[in-house]
Amino acid sequence: MRKGFFITGTDTEIGKTAVTAGLAHAFAQTGRRVAALKPISAGQDFIDGHWVNDDVERLRAAGNMVLTSAEVGALQLRTACAPHIAARIENEAIAREPVLHALRSVAFRADVALVEGVGGFRVPLNDDWDTADLAADLGLPVILVVGLRLGCINHALLTAEVLRTRGLTLAAWVANTVDEHMPHVTDNLQALQRGLAAPCLGHVPRLAHADHATMARHLSLEPLLEHLPA
């Protein structure tokens, strides 16, 4: 895979899906075929006779390719917890090759594939595979979503250090407001910019309705274009 990005975050619940959906919408406006994918997810609700993962459905709506829920989310677990724990509870195997095959088969048809991880950068998937391995398997440039709250500088710099040890490129980062009352935001952003040494795609405020079109207005694609094939 050489035409897309892997989106990870400093933690869980810091806006990876909202940012991925916003980027998908923004790329779609350029005329590219965009697939926003979440190959592994945990947590479903039973709605109208079907098990549904909200993140998967948000990404499916944000892209401009006609994809099924199964194509966007190759492996959707029902229990809302760490994937390897959910898999054990549900007697489900998270197998490396089937997940990668399903992901690549969809990404191959897109001009831009946006692949969202699950949780932070090093979440176990099985005994010898985690989300950092998944990112390395794909080899895509990485976009880091930094949840702005106390401790975010440490979390962001540690994540960036680890992904670089895996031979991955930090293409850009996004500052997403998690704690709207966080003090010294400007100082934190300056420290993040120095430490991450990568372009910031945007500083997203706390949004009452973080739909993909609204999120896209707070993000810039320009720093990402150099990472895509001409």
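Please find, among 66, 99, the residue that is at pLDDT 95 or above and within 26 Å of residue 225 (Cα to Cα).
66
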request  = Please list, ordered by first then second residue, the pairs with beta carbon atoms under 6 Å, 6 or more apart or interchain, first in segment 85-109 and on the phi > 0 side of the Ramachandran plot and free of Cβ contacts under 8 Å to residues at least 60 places away in the same chain, second surrounded by 12 or more Cβ atoms within 10 Å (Cβ to Cβ) and not β-branched (Val, Ile, Thr).
outcome  = none
request  = List the strands (runs of 3 or more DSSP E) that sit entirely inside segment 75-158 and contain at least 2 residues that are in contact with a strand residue (DSSP E or B) (Cβ under 8 Å, 6 or more places away or on another chain), open to solvent by less than 10 Å² (accessible area, probe 1.4 Å) and farther than 18 Å from residue 15 by Cβ.
outcome  = 112-116
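Rundown of residues vs (1) free of Cβ contacts under 8 Å to residues at least 40 places away in the same chain; (2) of a type in the set (Ser, Thr, Tyr); (3) in contact with a Gly (Cβ under 6 Å, 6 or more places away or on another chain), yes/no style:
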site	(1), (2), (3)
29	no, no, no
32	no, no, no
36	no, no, yes
49	yes, no, no
57	yes, no, no
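Report the residue count in segment 218-230 for those that are part of a loop (DSSP other than H, G, I, E, B) and surrounded by 12 or more Cβ atoms within 10 Å (Cβ to Cβ). Spell out how you get there, then give the answer.
From segment 218-230, those part of a loop (DSSP other than H, G, I, E, B) are 218-221, 228-230; that's our starting set.
Then keep just the ones that are surrounded by 12 or more Cβ atoms within 10 Å (Cβ to Cβ); that gives 218-221, 228.
Result for segment 218-230: 5.
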ask   = Across segment 171-197, what is the total count of residues that are without any contact (Cβ under 8 Å) to a residue 12 or more places away in the chain and polar (S, T, N, Q)?
value = 3
ask   = If a residue has to be touching a residue at least 12 places away in the same chain (Cβ under 8 Å) and either open to solvent by less than 60 Å² (accessible area, probe 1.4 Å) or at negative phi (or both) to count, how many in segment 159-170 make the cut?
value = 8
request  = Output yes when any residue across segment 169-180 is closer than 14 Å to residue 16 by Cα, at pLDDT 95 or above and aromatic (Phe, Trp, Tyr), and no when none is.
outcome  = yes
request  = Can you work out which of the residues in segment 110-148 that are touching a residue at least 60 places away in the same chain (Cβ under 8 Å) and of a type in the set (D, E, K, R) is farthest from residue 215 (Cα to Cα)?
outcome  = 111
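Residue 8 - would you say it is more than 27 Å from residue 153 (Cα to Cα) and touching a residue at least 60 places away in the same chain (Cβ under 8 Å)?
When the stated conditions are applied, residue 8 does not pass them.
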ask   = Which members of segment 159-204 meet the condition of being in a strand (DSSP E or B) and either of a type outside the set (Val, Ile, Thr) or farther than 16 Å from residue 224 by Cα (or both)?
value = 170, 171, 172, 173, 175, 176, 177, 200, 201, 202, 203, 204
ask   = Just checking, which of 20, 8, 68 is farther than 17 Å from residue 142 by Cβ and polar (S, T, N, Q)?
value = 68
message = Can you pull out every residue in segment 63-73 that is of a type outside the set (Ser, Thr, Tyr), over 13 Å from the mean Cα position of the chain (by Cα) and surrounded by 15 or more Cβ atoms within 10 Å (Cβ to Cβ)?
response = 63, 64, 65, 67, 71
Set 42, 21: member being hydrophobic (A, V, I, L, M, F, W, C), under 30 Å from residue 154 (Cα atoms), open to solvent by 10 Å² or more (accessible area, probe 1.4 Å) and in contact (Cβ under 8 Å) with a residue 12 or more places away in the chain = 42
key: Residue selected from segment 172-187 under the condition farther than 18 Å from residue 15 by Cα and not charged (D, E, K, R), by the criterion most open to solvent (accessible area, probe 1.4 Å)   = 184
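The values are calculated or read from the model by the stated rules, or taken from the named source; none is laboratory data. Because the structure is predicted, anything quoted here is derived from the model rather than measured. Here Cβ is always computed from backbone atoms with ideal geometry, including for glycine, and neighbour counts include all displayed protein chains. These area figures cover heavy atoms from the full protein model, side chains too; ligands, DNA and RNA do not enter into them. Shrake-Rupley method; radii C 1.70, N 1.55, O 1.52, S 1.80 Å.
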